Every structure is written in C-alpha cells, then in structure tokens.
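Remarks on the structure that follows.
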Amino acid sequence: MADEKKLTTREADFSAWYNEVVLRAELADYSPVRGCMVIRPNGYGIWERMQRALDEMFKATGHQNAYFPLLIPESFLHKEAAHVEGFAPEVAVVTHGGGKKLDEPLIIRPTSETIIYSMFAKWVQSYRDLPLLINQWANVIRWEMRTRLFLRTLEFLWQEGHTAHATHDEAEEEARRMLGVYRDFMEGWMAMPVVTGQKTDAERFAGALRTYSCEAMMQDNKALQAGTSHNLAQNFAKAFDLKFQAEHGGQEYAWNTSWGVSTRLIGALVMTHGDDIGLRTPPHVAPIEVVIIPIYKSDEERSRVLEGANRIIQALTEWERRDPGRLRVHLDARDGMKPGAKYYEWELRGVPVRMELGPRDLEKNQAVLVRRDNREKRPVSLSTLGEDVAELLMRIQDDMLIAARERREQHSVRERITYDRFREIMEGPGAFVYAGWCGSAQCESQVKEETKATIRVLPDEEFRSAEAPTSCLKCGKSATAEAVWAKAY
Ligand SMILES: [Zn+2]
C-alpha cells in the first residue's frame, strides 16, 4: 500500500521527484544487479498499451514481426567500422558457456543490425525479394555507467525495425515514414508533442548515413530523444554481403534502415505529464482508464453501493461492445480502506478518471467523475454514462496534448539571442533554443563543453522559424541551418 508522504515537488528537485514517482507509483523497482530494472505491473501495463498501438501501426505500414537471437558472434560487431567504434565500449561479452571457455566470445546484442543483416543476406537474392520489412520486439543490453530507471538502464525493452530496399530513395522514404509513425504515436497516444528532424554527424547513429529523431521536452526543459530512425545506406549491406540481382541485371548492395523506441518512453511519459501528486497517464496508454471508488459507511450501504458499481460495470461493458477495448474500468472494492486513501493511491498512479459512487449518488441515479489531469469534478447521469465517460476520456487525451504543447512553446526560445544569453538560459531554466549553426563540428562541441547543450535536431520544415537565422549561435559566421539546442537526457 502506498504511504501518504508527500512527493518531493518538481520545483524543489526534479530528479528526486522523478525517482519517487517511478517507485511509489510502482512502475519499476531497482534490481539486485546494478543498473538493471524490474518493471512492475503498473509500468508494464503502460508498456503493453504502447506495444499494442505501435505494433498495429508497424503492421499497417507493411512490416512483419520476427525474432533474432540475443547472442551474436563477437566478430560480427567488427564488420562495420563505425558501428564497432560506437558500440564496443558498452557491449557485454559472454566468454564461457557450459563450464568451458568459448572458442569465439559472444556479445549480448546492444542492437541487432549485424545479426539481422547477416540473415537478410541469406534471404534476399533478387529485387523481387525487396523491400524486406521486419520488426523485432526484444531486450538489449548496453553497459551504461550512470543509470536511471527507464531513462538509461543496462537492459531495456524495445522494438527495432530493420528493412532492406533496392534504392537509396526507397530507404530514405522508409526512414522518414517510420519517423512519422513515431511522431503520430507519441502525439496521438502519449499526448507528448515532439520536434522532428535530422541529427548532426556528431549525434548520428554509429553506422548510419542519416539519423532522424523525435525530441520531446521534459518538464525540466531538457530534451529527451524519444525515438530514432536511421537511413543506414549500404554500410551494413557491404559489411554482410547483402546483395541482390537488380531488375536490369547485375548485383547490387541493398539499402537498409533501422528504427527503434524503447521503455524509455515510460520515463518520457512521467516527465511530460507527471505533477506534484504523481503520474498523469493519457487515457490511450493507461492500463486502467476509470477507477470506481465506492463510498459507504455501513455494511448495508456497502452492499448497495457495490451492487450499483457492478451494475455500472455491466452497463459500461454492454455499451462498450459497440466499440470493444474502449473502456478499461476497475472497481476498487478493497474494504477497510478509506476513500481518501484510495484517491491518493490512484492519483499517484495516474489513472485518468476517478468515479465516486455513494448511496446518495445512487438515489439520484448519478456518479461523480473526477479528472486526474485538472482535477475537475462533475456529476453525470448513470443513464448516459458510457457516452459521457468515453467522451470525457477523449477530451482528457486531447487536453493533455494541448497542455504539453503549450508548455513546450512557453519554454522554447525563437527570438535571436546572443551566445552569452544562451549560456545564461542553459545554466538557468533551460529551453529549446532555435538558433543558427554554421555546420562546424567544432562549434557544436565547444557549445557542448561550455554549456552541456547539444544540437538535438536540425528541425524539419514545419518546426523551423518563419525567418531563418542568418548567423551561427557560437561563432557568428553565416548559418547553414537552423538548429534546436538543449540540454538532454
Ligand atoms: Zn559556428
């Protein structure tokens, strides 16, 4: 049972607040292995909702699921030069099995490009076998030194899409398409607005030609890279001899993409929507959307109210048959616990709507609905409950996205500022700063050294300022692109 001690506020210590919400809402717990995490049912329930939605979106865009092994021959990692350089420092290596030293050590996948493209090379012979569009739901291990629940853990769950195409343009189109799928999911399901765009060379995925990213602003004004999509060009195809017979004859190397999102999204959800009371979950990804709290004083009232609550669940279930899977309702019938304590617990866990039901409500043929997002309270008639609850949930979903987007815009700096002002902002409250960049890696790394801020993305057109910046934030030379700078997780 949750203890009712108040959470640290976001303002007092955002990072302590985050840890407390994750632990006390029972989303995850620390594991006996340093840096690993146990995802508890409340957290896993959110992941399952996310998985289901994404899986449907992947399938609707022509992808199929498959599964590849956890263990990869170590030599595979060395076949693509940039890839090994990027991943070698954080790879876990298995050297013994069955009590014997292995002839060739095996790595535990930090990502699966190598093993998947080695298999693609077997399966693809002709242009007719392309495009090959595969997704895998899996766990991966990256040996991180500084870990935080959901945001950065040694092991995490994710999906990785891997595709092969006949041309550069088709691969590019795919990489962009999946970036769009991620954005639709993050905005439509998680009510989390993102800025999309291309990563600079310094922030690009190890082995990619181009990396695209969805960047979300957390409530401490830091950016969180929520999902990435890569055009891998022919780098892995050449490393793994992934060739095909071209339509007009001759052998050509395939073009690959990969793209992924992980359980990190749950951390993003907490930091986008949580408040000083706990988590706020957008209805679409909430394992429970409505919790019914019966209110009673005597045993007689209790049985009357519980009977009423069960009738409501029955009615909602029947109403829901018209639109299955729409309403996820839970009756909190625990006895010996005060309604107030139950309110506290469900608010901490972020259930979007609470329904309070007492004997007097039943007499009036009503129930009281309380929104978690803004705590607005109103009675509704039991006769139209299904429609009313469904409509309220839709409204909450929309309002949460609007609120998060307004928050982000309030903390975005689009006017032209000096580098000194920029440093002040990054040392102070932080922001997404839209500013010019000359294209030099040196300016980028100096800014990072001096302010810890990085270029999150070179934003896609719709996010760019009406008037393009003309000079570089750092060196003042003429700008080749507009960049979104921020500190990041
Ligand atoms: Zn510059």
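The values are calculated or read from the model by the stated rules, or taken from the named source; none is laboratory data. Given the structure is predicted, the values throughout are model-derived calculations rather than measurements. Every residue, glycine as well, gets a Cβ built from its backbone with ideal geometry; the counts of neighbours run over all protein chains shown. Note: accessible area is taken over every heavy atom of the protein model, side chains too, but ligands, DNA and RNA are not part of it. Shrake-Rupley method; radii C 1.70, N 1.55, O 1.52, S 1.80 Å.
Computed on the Cα atoms alone, the convex hull of the chain gives a volume of 178 cubic angstrom per residue.
Computed over the Cα atoms of the stretch 297-411, the ratio of the radius of gyration to the Kirkwood radius (Rg/Rh) comes to 1.01. Within the straight-line cut-off of under 16 Å between alpha carbons, the lysines reachable from Lys199 are Lys448, Lys487, sequence neighbours fewer than 8 places apart in one chain being disregarded. Annotation: per residue accessible area for the stretch 45-125 equals 51 Å², rounded to a whole number [probe 1.4 Å, protein chains only]. Summarising the amide proton neighbourhood of Val94: residues at separation of 5 or more, or on other chains, whose placed amide H is nearer than 5 Å comprise Leu106, Ile107, Ile108. Between Glu427 and Glu307, what FRET efficiency comes out of the Förster formula 1/(1 + (r/R0)^6) with R0 = 56 Å and r the beta carbon distance, rounded to 0.05? Given R0 = 56 Å and the Cβ-Cβ separation, E is 0.40. Carbon-plus-sulfur accessible fraction, the stretch 286-365 (probe radius 1.4 Å, protein heavy atoms only): 50%. Mean separation of Cα pairs under 8 Å and 6 or more residues apart, divided by the residue count, gives the chain a relative contact order of 14 percent. With both labels modelled 7 Å from their Cα along Cα-to-Cβ, the Ser75 to Gln314 distance reads 6.9 nm. When shorter helices are ignored and each DSSP H run of at least 4 residues is given -39500 (n - 2.57), the per-residue value for the chain at 222 nm works out to -11000 deg cm²/dmol. Here the stretch 1-59 has 51 percent of its accessible surface on carbon and sulfur atoms, given a 1.4 Å probe and all protein chains in place.
Legend: distances between Cα atoms for Lys79/Lys101; Lys222/Lys342; Lys6/Lys377; Lys79/Lys477; pairs beyond 29 Å are Lys222/Lys342; Lys79/Lys477. Cα centroid distance between the stretch 222-290 and the stretch 365-436, in Å? Here the two parts' Cα centres lie 25 Å apart. Residue separation of Arg40 and Ala16 scaled by 0.36 nm, minus their Cα-Cα distance, works out to 6.7 nm of gained length. Where in the chain lies the longest segment free of trypsin sites (Lys or Arg not before Pro) that are both loop residues by DSSP (not H, G, I, E, B) and have at most 13 other Cβ atoms within 10 Å? Longest stretch, sites excluded: 147-296. Computed from backbone phi with θ = phi - 60° and the Karplus coefficients 6.51, -1.76 and 1.60, the 3J(HN,Hα) list for the stretch 43-57 is x, 5, x, 5, 4, 4, 5, 4, 4, 4, 5, 5, 4, 5, 5 Hz; x is used for glycine and proline.
What the stretch 169-261 shows is 32 Å² of accessible area per residue, with the surface traced by a 1.4 Å probe over protein heavy atoms. Against the main long axis of the alpha-carbon atoms of the chain, helix 441-451 sits at an angle near 40°. Note on Glu247 and Lys297: their simple-model spin labels are 8.0 nm apart, each label 7 Å out from Cα toward Cβ. Can you give me the Kirkwood hydrodynamic radius for the stretch 1-156, using every pair of distinct Cα atoms, in Å to one decimal? This gives a value of 18.7 Å.
Residue by residue, the stretch 481-487 carries 3J(HN,Hα) couplings of 7, 8, 10, 9, 9, 6, 6 Hz when phi is fed to the Karplus relation 6.51 cos²θ - 1.76 cosθ + 1.60 (θ = phi - 60°); x denotes Gly or Pro. Give me the distance in nm between label points sitting 7 Å out from Cα along the Cα-to-Cβ direction at Asn374 and Tyr344, one decimal. With each label point 7 Å from Cα toward Cβ, the separation is 2.7 nm. Applied to the stretch 89-100, the Karplus parametrisation 6.51 cos²θ - 1.76 cosθ + 1.60 on θ = phi - 60° returns per-residue 3J(HN,Hα) values of x, 10, 8, 8, 10, 9, 10, 10, x, x, x, 10 Hz, with x for Gly and Pro. Among the GluC sites (Glu not before Pro) within the stretch 393-450, those in coil by DSSP and having at most 11 neighbouring Cβ atoms inside 10 Å are Glu415. Which residues in the stretch 406-435 have a backbone N closer than 18 Å to a point placed 7 Å from the Cα of Lys448 along the Cα-to-Cβ line? Hits in the stretch 406-435 for Lys448 at 18 Å: 423, 426-427, 433, 435. Restricting the stretch 1-109 to chymotrypsin sites (Phe, Trp or Tyr not before Pro) that sit in a DSSP loop and have at most 15 other Cβ atoms within 10 Å of their own Cβ leaves Tyr67. A 1.4 Å probe run over the protein chains yields, for the stretch 364-489, 51 Å² of accessible area per residue, whole-number rounding.
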